[in-house]
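Student: Have a look at this one before I ask anything.
Please treat every number below as a calculation from the coordinates, not as lab data. Here the structure is a predicted model, which means the values were calculated and not measured. With ideal geometry, Cβ positions are generated from the backbone for all residues, glycine too; neighbour counts draw on all protein chains shown.
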Amino acid sequence: MRTLLPLLTLCALLVVSLSQTGCSNDAQSKAPEEEEDAPAVPVEAATAENGAISAYYTGTASLEAEDEAMVVARASGVVEQIFVEEGNYVKAEQPLAKLDDDRLTLELERAQMELDKQQRVFERTKGLYDKNLVSEEEFETAKSNFETAQAARDLAQLDVEYTTIRAPFSGVVSERMIKAGNMVGTHEAAFRLTDFDPLLAVMHVPERELNKLRTGQTATLRLDALPDQTFTGTIDRISPVVDPETGTFKVTVEVRDESRTLKPGMFGRVRIVYDTHDGAILIPKAAVEAEDDAASVFVVRDDSAFRQVVQTGFQDDQHIEITEGLTPGDVVVTTGQSSLRDSTKVEVIN
């Protein structure tokens, strides 16, 4: 009896051990089946393609006119006629308004009569001087009187011409300050004239961008007032001096608009392209995940997604350049990455 009890105990332990081993093997054999039966995660994907992508600097600016001036009256008088209105386009030297010139016209006639008189005296004295019938002093006096009368006539004629206010350059009348019947004085502002072609977008760019920008580079302009339109310009000039207080330098972009849609004072955003990579590998920006200064994507192969570390380059509004880690034709996940781990089964639903 004493020998039978230990033997029964040993048998019981062996049965329990075999039972546990069998359960463990069953559990291990079921794990792969459970993984195979896991549902595929629905994702959206895109294919890496070759294309061109550019690097650019973006800044804000208000449009300014290249030429703008206050047109002033160069003579005093009452405004008789106004030939243009605000918004009219005028050419250089085109009359804008006419002042009363009655008094100045009379002064011109008197100056002309005096000139004619002094001319006759000078011509008669010169004839006598050539025959040695008058002294040199009398000849010089007659000549001086003639020249003085000529200058006086020219000044009187200029005063009459100044009663017509003219455009100093071609442009648009942006403001009219006078009305018919007004008395205006010399050098009093009458019109504001603005040349809309070209317009300038002036930006103040951080000095770290100095080596990237140069004259002649293409720029695009989008304005808050015209959100659906894009305008093109070029860098016209770059200041060689960096402002020590702001750490910026001045960049002037010239924008030409034959439609005259643009107006001085409009505010917008300027994008200047300073480099372009042709034949770059491009994928949607949404496909790239950044973590701890490292970028990665999920690449779809054989219905599974695999995390792939990549190196990025230029990027624009929609695409990003991949310099290492992908080849053209690779399929990358663009939507649904948050539900993925390495080797997760996926279903592309694009």
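Student: Just one of [x] 2.15; [y] 1.02; [z] 0.96 is Cα Rg over 2.2 N^0.38 Å as worked out from the coordinates here. Which one is it?
Tutor: For Cα Rg over 2.2 N^0.38 Å, the calculated option is [x].
Student: Just to confirm the number: angle between the C-alpha axis of helix 136-161 and the first principal axis of the chain, 0 to 90 degrees, nearest 10?
Tutor: Here the helix axis deviates by roughly 50 degrees.
Student: Further question on the same structure: Can you list residues whose amide H is under 5 Å from residue 67's amide H, if they're 5+ apart or on another chain and H is modeled 1.01 Å from N?
Tutor: Amide H neighbours of residue 67: 195.
Student: Let me ask something else. Just the Kirkwood number for segment 125-258, please: inverse of mean 1/r across all distinct Cα pairs, in Å, one decimal.
Tutor: That comes to 21.3 Å for segment 125-258.
Student: Under unit Cβ charges (Lys, Arg +1; Asp, Glu -1), what dipole magnitude, rounded to 20 debye, does the chain have relative to its Cα centre?
Tutor: I would put it at about 300 debye.
Student: Compute the FRET efficiency between residue 131 and residue 166 as 1/(1 + (r/R0)^6), taking r as their Cβ-Cβ distance and R0 = 35 Å, and round to the nearest 0.05.
Tutor: 0.10
Student: If I fit a long axis through the Cα atoms of helix 4-36 and take the longest principal axis of the Cα atoms of the chain, what angle between them do I get, 0 to 90°, rounded to 10?
Tutor: Rounded to the nearest ten degrees, it is 30.
Student: What FRET efficiency do you get for residue 296 and residue 89 if R0 is 51 Å and r is their Cβ-Cβ distance, rounded to the nearest 0.05?
Tutor: So, using R0 = 51 Å, E works out to roughly 0.30.
Student: Round to a whole angstrom and tell me the spacing of the C-alpha centers of segment 53-70 and segment 80-113.
Tutor: 37
Student: Using just the Cα positions, wrap segment 101-162 in a convex hull and report its mean projected area in square nanometres, one decimal place.
Tutor: For the Cα atoms of segment 101-162, the hull's average projected area reads 3.8 nm².
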